[in-house]
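Have a look at the structure below before the remarks.
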Amino acid sequence: MTVEYIRYRIAETERRTAFEKAYAAAAEHLYAAPQCLGYELSRGVEEPDRYILRIEWTSVEDHEGGFRRGPHFPPFLAEIRPYVDDIEEMKHYERTLVVDKKRM
């Protein structure tokens, strides 16, 4: 499993509600994709203009080769396209052995 983190900064207050609605719609396409194991969008408490999207993929290859080339990516991207320029980081990470044992 691979975890992708995407950090957004949505500076304009009025765009934040639209951003969350766009991701709620886009999430339907993540849910339908077999390569996606789970996802969550979190908003900063101290800095409400900051968001982190966490997506669990079966692998980097499945994400980039399967999802991005499959039928779910075009409608997913269409929903979030207005916010692509707000991305500050988009990277894949591997889990380490430091894990909350209660959640395994």
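Cβ separations smaller than 8 Å between residues 6+ apart or across chains give the following pairs from the stretch 1-19 residues that are under 23 Å from G38 (Cα atoms) and in contact (Cβ under 8 Å) with a residue 24 or more places away in the chain to residues that are open to solvent by less than 80 Å² (accessible area, probe 1.4 Å) and among the polar types (S, T, N, Q): M1/T58; M1/S59; T2/T58; T2/S59. Annotation note: Cβ proximity below 8 Å between a residue of the stretch 55-66 that is touching a residue at least 12 places away in the same chain (Cβ under 8 Å) and on the phi > 0 side of the Ramachandran plot and a residue that is of a type in the set (D, E, K, R) and part of a helix (DSSP H, G or I) (sequence gap 6+ or interchain) occurs for no pair.
Just so you know, in the stretch 48-81 the residues that are touching a helix residue (DSSP H, G or I) at 6+ places or on another chain (Cβ under 7 Å) and assigned to a helix (DSSP H, G or I) include one that is nearest to L37 (Cα to Cα), and it is F67.
Find the residue count for the stretch 43-74, including only residues that are closer than 13 Å to V3 by Cα, crowded, with 18+ Cβ neighbours inside 10 Å and either among the acidic types (D, E) or touching a Lys or Arg at 6+ places or on another chain (Cβ under 7 Å) (or both).
Initial filter on the stretch 43-74 (closer than 13 Å to V3 by Cα): 52-64.
So of that shortlist, the ones also crowded, with 18+ Cβ neighbours inside 10 Å come out as 53, 55, 57, 62-63.
In the following step, the residues that additionally are either among the acidic types (D, E) or touching a Lys or Arg at 6+ places or on another chain (Cβ under 7 Å) (or both) were identified as 62.
Looking only at that region, the number is 1.
State all residues of the stretch 18-42 that are part of a helix (DSSP H, G or I), open to solvent by less than 80 Å² (accessible area, probe 1.4 Å) and either touching a helix residue (DSSP H, G or I) at 6+ places or on another chain (Cβ under 6 Å) or not hydrophobic (A, V, I, L, M, F, W, C) (or both); if no residue qualifies, say none. Quick ask: steps written out before the conclusion?
Our first condition is that a residue be part of a helix (DSSP H, G or I); within the stretch 18-42, this holds for 18-32.
Those left that are additionally open to solvent by less than 80 Å² (accessible area, probe 1.4 Å): 18-20, 22-27, 29-30, 32.
Selection gives F19, E20, A22, Y23, A25, A26, H29.
The values are calculated or read from the model by the stated rules, or taken from the named source; none is laboratory data. All values reported here derive from a predicted model rather than from experimental measurement. Positions of Cβ are backbone-derived with ideal geometry, glycine not excepted, and every protein chain shown enters the neighbour counts. For the accessible areas, the whole protein counts, side chains as well, though only heavy atoms, and no ligand, DNA or RNA atoms are used. Shrake-Rupley method; radii C 1.70, N 1.55, O 1.52, S 1.80 Å.
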